[in-house]
Structures are given as C-alpha cells and as structure tokens.
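Here is the structure we will look at, set down as structure tokens.
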Amino acid sequence: MKALDISVLGYALLGLVDLKPSSGYDLRKVFAETAMGNYSSSPGAIYPALERLQSQKLIRGVVENSTGLRRRRVYHSTPAGTAQLGKWLSKPIEQSEVMRGAQELMLRFGFMEHVLGAESAVNFLEEFRAALKTYLSGLEAYARTNGKQMPLSGRLALESGIRGYRGMYDWTAYALRAYRQSLTSQPQSPIETAQGGLR
C-alpha cells in the first residue's frame, strides 16, 4: 500500500477534526487565534489541505444546515483518518525534531491523549525528556568549549537557546507530575493544575 503524503498542516487539521467535527471556517479561526497558526503558511492553505485529506479518505465533509438559510460543510474524521493520525503520533522521537525546536513534537503531544490514551502521553513525555537531556548536554558542552571565543551577541544567542531548551526540559518534569497525579487521583481542572505547578 502506498504511503500517504501528509504535511504537518494536514496532520494538524486531521487532529483537530478528530477532536471535534469542524467546518473550514471553524478551523481557520483556531489557526488565526492560537499558536496553531505556526503550522499554516496562510489562511488560504487550509482549504486545499482539507480537500487533500478528503481525497485520501481521511476525513469526509458533510453539508449541514446552519443558522438562517446558510449551509456549511462540516468535516468528520474517518476510521482511516484516526488510524493514520495514530501512526503519526506513535512515531519515535528523532533528535533532528528536537534540534528544529520541537514544534511538531508538541503538536503530536497535543493530540496524543485523545487518540492513544494517557499512558501513551506519559511514555511520549519520558522519551521527549530523555531526548532533550541529550541535546542540552551537547549544547552546554559546546558553550563551555567555544563560548569564550564567541562574540558577546553570539554567546548570548546560544545562551537563549540553552535556556529555551532548559525550560522545555523542566516543563516535561512538570507535565509528568501532572499526569501521574491525574492517573492516581481525581482529575483537576487545567487552572488547578497550573496553579499547582507554580509553587
């Protein structure tokens, strides 16, 4: 069977539709109002991506009546779409993805629990934490060896990157604590969980 060619934008749309059937307009709003906009080159790219997913039978559009006389096409995930999304989410983490800033990894994590369950999300976090630790060690070793020879601006730029990755590494510990707590006790609201992490 031929492998499907799906862009990161395609997977973002597939994940959103799998979470909740949505119209093209609904999806455009999500991309316009949240950090999901990082995965779309323009609002106009969303509709062709939806058409590609539909042609691959990963989603299906259903025309529904809306308020007044308006009708809109609402996209639903198909079983094949959910299965394809699960394959993408289950991929092992590659060091190159960490080096590129981990945006796609965080996108995958955002859909992980809905499609694969909480245990898969925990396993992903543990794998991500280990990959971050490896990469951070290399960055810090490079800074120790080469930092004194670099211009101040270069050294500060490298330091910014190290601090950003250190922040992600610390976040994985916080996220793992939140999951372990949720798996052993009553679920907390996102606000309560965030407040717990600020202590």
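The values are calculated or read from the model by the stated rules, or taken from the named source; none is laboratory data. A quick note: this is a predicted structure, and the numbers were derived from the prediction, not measured. Reconstructed Cβ throughout: ideal geometry from the backbone, glycine too, with neighbour counts over all protein chains shown.
Residue check: Ser90 meets all listed conditions (1) touching an Asp or Glu at 6+ places or on another chain (Cβ under 9 Å); (2) at pLDDT 95 or above but one, namely (1). Residues considered: Ala173, Ala157, Ala178, Ala141. Of these, the only one that is part of a helix (DSSP H, G or I) and either surrounded by 15 or more Cβ atoms within 10 Å (Cβ to Cβ) or in contact with a Ser or Thr (Cβ under 6 Å, 6 or more places away or on another chain) (or both) is Ala178. Among the residues making up segment 31-70, those that are over 19 Å from Lys20 (Cβ atoms) and outside any loop (DSSP other than H, G, I, E, B) are Asn38, Pro43, Gly44, Ala45, Pro48, Glu51, Arg52, Ser55. Total residues in segment 128-178 satisfying the condition of being touching a residue at least 24 places away in the same chain (Cβ under 8 Å) and of a type outside the set (D, E, K, R): the figure is 15. The set of residues from segment 94-112 being more than 23 Å from Ile46 (Cβ to Cβ) and surrounded by fewer than 17 Cβ atoms within 10 Å (Cβ to Cβ) comprises Glu94, Gln95, Ser96, Met99. Here is a check on your reading of the model: is Val74 exposed (fewer than 13 other Cβ atoms within 10 Å of the Cβ), over 18 Å from the mean Cα position of the chain (by Cα) and modelled with pLDDT of 90 or more? Criteria not met by Val74.
Filtering segment 160-183 for residues that are modelled with pLDDT of 95 or more, of a type in the set (S, T, N, Q), farther than 29 Å from Val17 by Cα and over 21 Å from the mean Cα position of the chain (by Cα) leaves a non-empty set. Taking Gln84, is it out of contact with any Pro (no Cβ under 7 Å at 6 or more places or on another chain) and surrounded by 14 or more Cβ atoms within 10 Å (Cβ to Cβ)? Spelling it out, Gln84 is indeed out of contact with any Pro (no Cβ under 7 Å at 6 or more places or on another chain) and surrounded by 14 or more Cβ atoms within 10 Å (Cβ to Cβ). The number of residues in segment 1-30 being among the aromatic types (Phe, Trp, Tyr) and either assigned to a loop (DSSP other than H, G, I, E, B) or more than 23 Å from Leu105 (Cβ to Cβ) (or both) comes to 1.
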